[in-house]
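Scroll down for the structure; my scribbles are underneath it.
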Amino acid sequence: MTDSASDLARLFEEAGAPAELVPRAAARLGADAAARLRADPWLLLRVPGVLPRQADHFARRLLGEQARPDDPRRGRALALHLLTEAARHGHTATPVADVVSALEGLRVPDPRRAIDGALDSGEAVALIEEPDFDPESPEALEEEPPEPEESLGVARWALAEESAAEGFQRLTATAAPLLDDATIKAVRAGLPEDRALALTAALRTGVSVLRGAPDELADAALGIAAVAAEHGLRVAVAAPTDRAAADLARGGIPEGAVVGLHRLLEPRPAPETAPPGTVVFGRGEQNPFDLDLVVVADASGLDVEMAAVLAEACPDGAHLVLGGEPGALPPAGPGRVLDDLEASETVPVVALEPAGEAGPLRTLTEAVRGGALASVDAPDREVVVVPAASGAEAVHRAVQLVTDSIPRALGIPVEDVQVVTPAAAGEAGAAALNAALKNRLNPGPGRYGGFDPGDRVIVAAPLPQAGLGEPGVVAGADAEGLRVEFAGGAAVVPPALTTRLRHGWAATVALARGTRRPAVVAVLPGEAEAALSRPLVAAAFGLALRHLSVVQAAGPALARAVGEVDAPPRRTRLARLVVR
């Protein structure tokens with residue numbers, strides 16, 4: 001243990017804080033975490049999972065009677081905590097009145113002062129939105145103009161949303177057709193109408209959106225890229241992960257043109273002054289892509305920060321095509337980029353029709369996307385439903401399917417089977433499933449930050465070496481860190497960043513969404529009823545390429561979620577910003 005980690009461990013022991021918080025606090029607050037927490041105990045709220053009451057208890061243990069509800073440090077930290085929690089739920093803006101009300105509920109005597117403290121820190125920003133108002137309308141002669149809408153946001157996400165909007169505007173304004181009209185007419189000849197429209201939009205407009213099922217999006221993306229490359233255009237097709245890119249690549253596309261988005265943006269080591277774990281990309285406004293056309297086959301997982309980085313990396317005149325399923329599961333980070341772009345009515349949106357005969361997997365997924373939990377005919381066991389009476393039984397059934405039933409009956413090896421579940425915690429959450437699967441497939445003490453050579457892992461927060469959701473296998477470990485084999489190559493994850501990895505035999509749907517697998521075991525426990533929604537179930541089922549086993553422990557809640565529960569709404573600004 002390093003000296004800084006020892007200092008932090010001693011501080012937590014002194015304050016009676018759980019020892020398991022030490023690595024998370026070190027990862028979030030940096031090498032001087034102990035000193036920073038002694039100076040401001042409420043900084044503990046920056047550690048994911050810490051609640052206000054826990055931070056107050058920590059402060060009382062360190063400060064004694066000096067830990068007062070009106071301490072400016074407490075008010076500032078609570079205001080930032082509320083905005084950060086809103087961002088974790090996907091919001092990029094939160095009404096000031098909501099923040100004031102929540103601060104009052106947390107016994108902050110002067111909420112406005114607390115908000116000012118958060119703004120002064122530079123980590124929060126005030127967002128003023130002028131409401132829609134036509135001064136020349138008949139109503140305007142009789143009514144006062146509405147007051148501007150005042151919101152707050154975490155600076156990181158609010159500014160990223162503005163950068164994304166500016167990037168999309170710039171690409172739209174600077175775009176010219178990549179091919180002349182006669183050539184475009186020739187290359188679209190004979191294509192189905194939807195594919196012809198998609199190709200035309202990609203070649204003629206700066207930003208376009210494609211909507212369709214995963215197979216249709218992949219085929220359209222590769223088709224557009226093949227036509228562009230054939231006519232001498234510089235093109236790249238980006239997938240959510242390097243593993244997905246390896247599965248997507250095929251003939252007709254230049255070698256190396258299909259790549260994971262994280263790798264396409266060329267991640268670099270962050271400067272020493274950057275916050276711990278910061279990922280810096282080599283491509284951006286100062287070093288844009290040497291490309292004419294960028295096609296993101298599945299952009300539904302783009303949060304506003306990645307959208308901003310991507311848009312800034314596209315040079316003036318380049319064309320950007322963003323694909324995504326209709327009604328897709330929202331991104332893990334804040335924002336709803338594709339939905340906001342579509343709502344802005346500033347870019348062409350092309351709906352792709354299903355091609356070919358629908359098999360059982362596609363039939364089921366499309367039914368779920370339409371709001372119905374249909375029974376499908378699966379003569380070759382493409383879809384199997386396994387009932388379970390409890391979370392513990394669901395875990396048992398999942399382990400049995402992964403380690404025996406699927407490899408034996410279908411010939412799909414264990415390494416090609418992915419277990420997904422709605423949440424990380426719970427009796428049948430990803431953590432419990434991984435513990436059971438590790439015990440069967442790669443037992444060990446977790447000697448290296450909880451991992452052993454041979455463990456399957458998945459990236460739970462972006463690393464310089466790999467993006468969110470990238471799967472890998474631990475190859476070894478030493479003083480420098482974990483050696484992990486990713487699809488894009490071997491990487492060393494330093495000890496300070498191993499908290500960004502999770503065991504990967506099982507993963508939450510949100511984390512696994514970027515990589516489809518030959519076989520998927522979807523565990524749907526009753527304890528996850530609050531997390532179940534139509535987009536989540538459709539995303540889980542849509543990950544399977546050949547076989548889907550549904551371990552059904554949710555009872556009637558599953559059909560209810562598919563029929564009635566959409567993704568929670570998100571407060572975002574991109575749709576407005578992009579039309580300014």
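Of these, ALA164, ALA176, ALA202, ALA196, which one is under 30 Å from HIS81 (Cβ atoms) and modelled with pLDDT of 95 or more?
Within the list ALA164, ALA176, ALA202, ALA196, the selection yields ALA164.
Would you tally the residues in the stretch 351-394 being more than 28 Å from ALA202 (Cα to Cα), in contact with a helix residue (DSSP H, G or I) (Cβ under 6 Å, 6 or more places away or on another chain) and polar (S, T, N, Q)?
0
Only one residue in ALA244, ALA196 is farther than 15 Å from VAL294 by Cα, touching a Gly at 6+ places or on another chain (Cβ under 8 Å) and not in a loop (DSSP other than H, G, I, E, B), so which one is that?
ALA244
Any residue in the stretch 168-182 that's more than 16 Å from ALA201 (Cβ to Cβ): show its pairings with residues that are surrounded by fewer than 18 Cβ atoms within 10 Å (Cβ to Cβ) at Cβ separation under 6 Å, as long as the two are six or more apart or on different chains.
Pairs found: THR174/ASP316; THR174/GLY317.
Could you please give the count of residues in the stretch 264-311 that are under 24 Å from GLU342 (Cβ atoms) and assigned to a strand (DSSP E or B)?
Residues that pass the stated criteria total 4.
Tell me whether the stretch 207-223 contains one or more residues that are more than 24 Å from THR346 (Cβ to Cβ), modelled with pLDDT under 95, assigned to a loop (DSSP other than H, G, I, E, B) and in contact with a strand residue (DSSP E or B) (Cβ under 9 Å, 6 or more places away or on another chain).
Within the stretch 207-223, none of the residues are more than 24 Å from THR346 (Cβ to Cβ), modelled with pLDDT under 95, assigned to a loop (DSSP other than H, G, I, E, B) and in contact with a strand residue (DSSP E or B) (Cβ under 9 Å, 6 or more places away or on another chain).
Can you tell me which residue within the stretch 474-490, out of those that are touching a residue at least 24 places away in the same chain (Cβ under 8 Å) and within 24 Å of VAL420 (Cβ to Cβ), is surrounded by the fewest Cβ atoms within 10 Å (Cβ to Cβ)?
So in the stretch 474-490, the residues touching a residue at least 24 places away in the same chain (Cβ under 8 Å) come out as 474, 477, 482, 484, 486-488.
Within this subset, residues satisfying the condition of being within 24 Å of VAL420 (Cβ to Cβ) are 474, 482, 484, 486-488.
Details: VAL474: 25, LEU482: 25, VAL484: 27, PHE486: 23, ALA487: 18, GLY488: 20.
Only one residue fits best here, namely ALA487.
Please find, within the stretch 449-484, the residue that is nearest to the chain's Cα centre (by Cα) out of those that are of a type in the set (D, E, K, R) and closer than 27 Å to VAL395 by Cα.
So the residue we want is GLU470.
Taking the condition of being surrounded by 24 or more Cβ atoms within 10 Å (Cβ to Cβ) and touching a Pro at 6+ places or on another chain (Cβ under 6 Å), how many residues in the stretch 53-77 meet it?
Residues flagged as surrounded by 24 or more Cβ atoms within 10 Å (Cβ to Cβ) and touching a Pro at 6+ places or on another chain (Cβ under 6 Å) within the stretch 53-77 amount to 2.
Go through the stretch 552-580 and count every residue that is more than 14 Å from LEU536 (Cβ to Cβ) and in contact with a strand residue (DSSP E or B) (Cβ under 8 Å, 6 or more places away or on another chain).
The number of residues fulfilling the criteria is 5.
I'm trying to understand the selection: among the residues of the stretch 398-420, which are within 22 Å of THR365 (Cα to Cα) and part of a helix (DSSP H, G or I)?
Restricting attention to the stretch 398-420, the residues satisfying the condition of being within 22 Å of THR365 (Cα to Cα) are 398, 401-402, 406, 410, 412, 416-420.
Answer for the stretch 398-420, where residues must be within 22 Å of THR365 (Cα to Cα) and part of a helix (DSSP H, G or I): ALA398, LEU401, VAL402, ILE406, LEU410, ASP416.
Among residues belonging to the stretch 492-541 that are modelled with pLDDT under 95 and of a type in the set (Gly, Ala, Ser), point out the one that is farthest from LEU463 (Cα to Cα).
The selected residue is GLY526.
Among (1) under 30 Å from GLU393 (Cβ atoms); (2) in a strand (DSSP E or B), there is one condition LEU437 misses while meeting the rest; what is its number?
LEU437 satisfies every listed condition except (2).
Note down all Cβ pairs under 6 Å where the first residue falls in the stretch 184-204 and is touching a residue at least 40 places away in the same chain (Cβ under 8 Å) and farther than 20 Å from ALA318 by Cα, the second is among the acidic types (Asp, Glu) and surrounded by fewer than 21 Cβ atoms within 10 Å (Cβ to Cβ), and they're at least six residues apart or on different chains.
From residues that are touching a residue at least 40 places away in the same chain (Cβ under 8 Å) and farther than 20 Å from ALA318 by Cα, the pairs are ASP194/GLU353.
When you scan the stretch 172-191, do you find a residue that is within 30 Å of ARG573 (Cβ to Cβ), in a helix (DSSP H, G or I) and out of contact with any Gly (no Cβ under 9 Å at 6 or more places or on another chain), even just one?
no
Does ARG107 qualify as being modelled with pLDDT of 95 or more, among the charged types (D, E, K, R) and in a loop (DSSP other than H, G, I, E, B)?
yes
Can you work out which of the residues in the stretch 89-104 that are within 13 Å of GLY153 (Cβ to Cβ) and not in a loop (DSSP other than H, G, I, E, B) is nearest to the chain's Cα centre (by Cα)?
Among residues in the stretch 89-104 that are within 13 Å of GLY153 (Cβ to Cβ) and not in a loop (DSSP other than H, G, I, E, B), the one nearest to the chain's Cα centre (by Cα) is THR94.
Can you pull out the residues in the stretch 257-291 that are buried (at least 20 other Cβ atoms within 10 Å of the Cβ) and among the acidic types (Asp, Glu)?
none
Would you check which residues across the stretch 374-389 are surrounded by fewer than 17 Cβ atoms within 10 Å (Cβ to Cβ) and under 29 Å from the mean Cα position of the chain (by Cα) and list them?
ALA374, VAL385
VAL414 fails exactly one of the following numbered conditions: (1) surrounded by 17 or more Cβ atoms within 10 Å (Cβ to Cβ); (2) touching a residue at least 24 places away in the same chain (Cβ under 8 Å). What is the number of that condition?
So the condition that VAL414 fails would be (1).
Go through ALA567, ALA553, ALA544 for me and flag whichever is touching a residue at least 40 places away in the same chain (Cβ under 8 Å), under 24 Å from LEU83 (Cα atoms) and of a type outside the set (Ser, Thr, Tyr). Show your work before the answer.
Numbers: ALA553 fails: under 24 Å from LEU83 (Cα atoms); ALA544 fails: under 24 Å from LEU83 (Cα atoms).
So the residue among ALA567, ALA553, ALA544 that is touching a residue at least 40 places away in the same chain (Cβ under 8 Å), under 24 Å from LEU83 (Cα atoms) and of a type outside the set (Ser, Thr, Tyr) is ALA567.
For the stretch 495-504, check the following and say yes or no: at least one residue is under 23 Å from the mean Cα position of the chain (by Cα), buried (at least 19 other Cβ atoms within 10 Å of the Cβ) and under 27 Å from ASP215 (Cβ atoms).
yes
Restricting to the stretch 1-41, what's the tally of residues that are among the polar types (S, T, N, Q) and surrounded by 15 or more Cβ atoms within 10 Å (Cβ to Cβ)?
Final tally of qualifying residues: 1.
The values are calculated or read from the model by the stated rules, or taken from the named source; none is laboratory data. Being a predicted model, the structure only gives us computed values, none of them experimental. Every residue, glycine as well, gets a Cβ built from its backbone with ideal geometry; the counts of neighbours run over all protein chains shown.
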